[in-house]
Amino acid sequence: MKVINPASGEVVDTLTETAVSELPTLLAAARLAQKSWAKRSPSERKAILAKFRALVVERKEQLAQTLTLEVGKPIAQSHNELNGLLPRLDFFLEHFEAELTPRGVLGAATDSLEERIAFEPLGVVANVSAWNYPYFVGSNVFVPALLTGNAVLYKPSELSSLTGLAIARLLHEAGVPKDVFQAVIGGRELGAALVQLDVDGVFFTGSYATGRKIAEAVAPRMIRLQLELGGKDPAYVTDEVDVAAAAAAVADGAFYNAGQSCCAVERIYVHERIYPEFLDAFVAEVKKLKLGSPAEEGTYLGPLCRGEAALQALADQVADAEKQGARVLTGGRRVDRPGYYFEPTVVADAKPGMRVMKEESFGPIIGIASVPGDQAALAAMADTEYGLTAAVYTTNEARAAQILEELPVGSAYVNCCDRVSPRLPWTGRKHSGIGSTLSTLGIQAFLQPKAWHIRRA
Ligand code: NAD
């Protein structure tokens, strides 16, 4: 398998793919190893994952370089991702033992009867992962899975396999037995075969289209399934804001990581009273964003990891918007340089049916529309198959709450966006997914309860 640098289009490495025929042997080894891993004390597993954290800190620079090389993430943002990994690890390390501890049940116990809930690991889980934040989306799964006594068969995205292999090396060096965490290397076909294995849970991060295929493949087996999928996340800027500050914040939410974030702002609705002023401030912000080589420290916008296919999808959205009467205020084209770069693009007067307002763009493009008031904003924000996040900008918190309470989304942002916290569940509704990672719910996700009824003779 070729590893391509999206900043140049050049092949930078070649990897050996895992054969589909090898998977049953890997699973058998994982099954065996999981039993003794689960029998180790929680504090032993905790010490091993704490060592993994220490190795991440020690090798941070090298890991950031690898991520930037294969994904095209600007180096400053690769550093941010590795720094952001640490509080997630800390959260899991601090809280997993409490989730594993059996609980008595209030009001049930008598001298002769005890009722209690115990928590057991699922067993062997498959983790099929995305490339856009490989440390975040990977660690949301494999860290709590390992801490709670599961074995993991991990398939990094074919676009971030060097990082996936680096993660495996660090875990093994920290003391996770080789068969307890195994990275398999390959693309769609391997992913499809992996989720068909007789595993005890499937944890997936990626697109709705793939998530749906996985849900269909897994359904007859009645195993734990979690899907963290895409979004078409809206932000509504009310007429009670500091316009310049809101424009800067939402521009960052839309263009950080070149818009390749599941919770990137993908649509903006602006109260008509401040619409012209907001557009001016927003375009001024976008013009400040520095596009360039991701290896350079000052670069904010790098290339698109998915290459030609991503560029074509964005060009199609621009053509569709222009045909339907939208105004492209800045950008709109591929950048004339090697690699896969697209200009940061602002589409004003966007209409509901336009592709830029419906399809997950996953790139440096944003549609903006004017709305006459909160009811219209609410209706427009709700007009999507997805339900990942939504943001409202206003100094009036009650006004934001009224709108966000009505929206079927997993995360509600007031005066912020494109934000994830280890303490809060990361969860999507509708086409954005099933289940939760992060928070204590994201630890429970890797456990199954056993109800004990103990009658004393
Ligand atoms: P993708 O769906 O193309 O691929 C994801 C993974 O699935 C890859 O490892 C791929 O090899 C594998 N795969 C492909 N076909 C498969 C199949 N039939 N069976 C099993 N596995 C298969 O997504 P991507 O391009 O890697 O990631 C981008 C998408 O991920 C976006 O939609 C983004 O919003 C979403 N995402 C969601 C979150 C979240 O937390 N909700 C986080 C990051 C990314």
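Wholly within region 91-201, which strands (runs of 3 or more DSSP E) include no fewer than the required count, namely at least 2 residues that are over 26 Å from Ala217 (Cβ atoms)?
113-121
Please determine, by comparing only the residues of region 29-40 that are among the basic types (Lys, Arg) and in a helix (DSSP H, G or I), which one is surrounded by the most Cβ atoms within 10 Å (Cβ to Cβ).
Result: Arg31.
Just checking, which of Ala451, Ala400 is modelled with pLDDT of 95 or more, open to solvent by 70 Å² or more (accessible area, probe 1.4 Å) and not aromatic (Phe, Trp, Tyr)?
Of Ala451, Ala400, the one residue that is modelled with pLDDT of 95 or more, open to solvent by 70 Å² or more (accessible area, probe 1.4 Å) and not aromatic (Phe, Trp, Tyr) is Ala451.
Just need a number here: residues in region 426-448 that are in contact with a Pro (Cβ under 9 Å, 6 or more places away or on another chain), aliphatic (A, V, I, L, M) and open to solvent by 70 Å² or more (accessible area, probe 1.4 Å).
Result for region 426-448: 1.
In region 131-176, which residue that is polar (S, T, N, Q) and more than 25 Å from Ser261 (Cβ to Cβ) is surrounded by the most Cβ atoms within 10 Å (Cβ to Cβ)?
Residue satisfying both the conditions and the ranking: Asn150.
Residues being aromatic (Phe, Trp, Tyr) and either modelled with pLDDT under 95 or touching a helix residue (DSSP H, G or I) at 6+ places or on another chain (Cβ under 7 Å) (or both): count how many of those fall in region 361-397.
2
Name the residues in region 9-18 that are free of Cβ contacts under 8 Å to residues at least 12 places away in the same chain and either surrounded by fewer than 12 Cβ atoms within 10 Å (Cβ to Cβ) or part of a helix (DSSP H, G or I) (or both), would you?
Val11
Which ones in region 41-89 are in a loop (DSSP other than H, G, I, E, B) and touching a residue at least 24 places away in the same chain (Cβ under 8 Å)?
Once the filter is applied, which keeps residues that are in a loop (DSSP other than H, G, I, E, B) and touching a residue at least 24 places away in the same chain (Cβ under 8 Å), region 41-89 yields Arg59, Gly72, Lys73, Pro74.
Any residue in region 209-234 that's closer than 24 Å to Ile366 by Cβ: show its pairings with residues that are more than 10 Å from the ligand (Cβ to nearest atom) at Cβ separation under 6 Å, as long as the two are six or more apart or on different chains.
Pairs that qualify, where the first residue is closer than 24 Å to Ile366 by Cβ and the partner is more than 10 Å from the ligand (Cβ to nearest atom), are Lys232/Thr384; Asp233/Val265; Pro234/Arg267; Pro234/Met381; Pro234/Ala390.
Among the residues of region 186-244, how many are within 15 Å of the ligand (Cβ to nearest atom), over 14 Å from the mean Cα position of the chain (by Cα) and basic (Lys, Arg)?
4
Pick from Pro422, Pro449: which is assigned to a strand (DSSP E or B) and in contact (Cβ under 8 Å) with a residue 24 or more places away in the chain?
Among Pro422, Pro449, only Pro449 is assigned to a strand (DSSP E or B) and in contact (Cβ under 8 Å) with a residue 24 or more places away in the chain.
Only one of Ala118, Ala219, Ala209, Ala192 is at pLDDT 95 or above, open to solvent by less than 20 Å² (accessible area, probe 1.4 Å) and out of contact with any Asp or Glu (no Cβ under 6 Å at 6 or more places or on another chain); which?
Answer to the check: Ala118.
Got a sec? Which of Tyr300, Tyr340 is within 16 Å of the ligand (Cβ to nearest atom), open to solvent by 30 Å² or more (accessible area, probe 1.4 Å) and among the hydroxyl-bearing types (Ser, Thr, Tyr)?
None of the other options fit; the residue is Tyr340.
Could you grab me the full set of residues in region 43-79 that are among the acidic types (Asp, Glu) and surrounded by fewer than 23 Cβ atoms within 10 Å (Cβ to Cβ)?
The answer is Glu44, Glu58, Glu61.
Might you let me know whether region 245-256 holds any residue that is open to solvent by less than 10 Å² (accessible area, probe 1.4 Å), out of contact with any His (no Cβ under 8 Å at 6 or more places or on another chain), of a type in the set (A, V, I, L, M, F, W, C) and within 16 Å of the ligand (Cβ to nearest atom)?
There is at least one residue in region 245-256 that is open to solvent by less than 10 Å² (accessible area, probe 1.4 Å), out of contact with any His (no Cβ under 8 Å at 6 or more places or on another chain), of a type in the set (A, V, I, L, M, F, W, C) and within 16 Å of the ligand (Cβ to nearest atom).
The values are calculated or read from the model by the stated rules, or taken from the named source; none is laboratory data. Everything quoted here is computed from the prediction, not taken from an experiment. We place every Cβ from the backbone using ideal geometry, glycine too, and count neighbours over all the protein chains shown. For the accessible areas, the whole protein counts, side chains as well, though only heavy atoms, and no ligand, DNA or RNA atoms are used. Shrake-Rupley method; radii C 1.70, N 1.55, O 1.52, S 1.80 Å.
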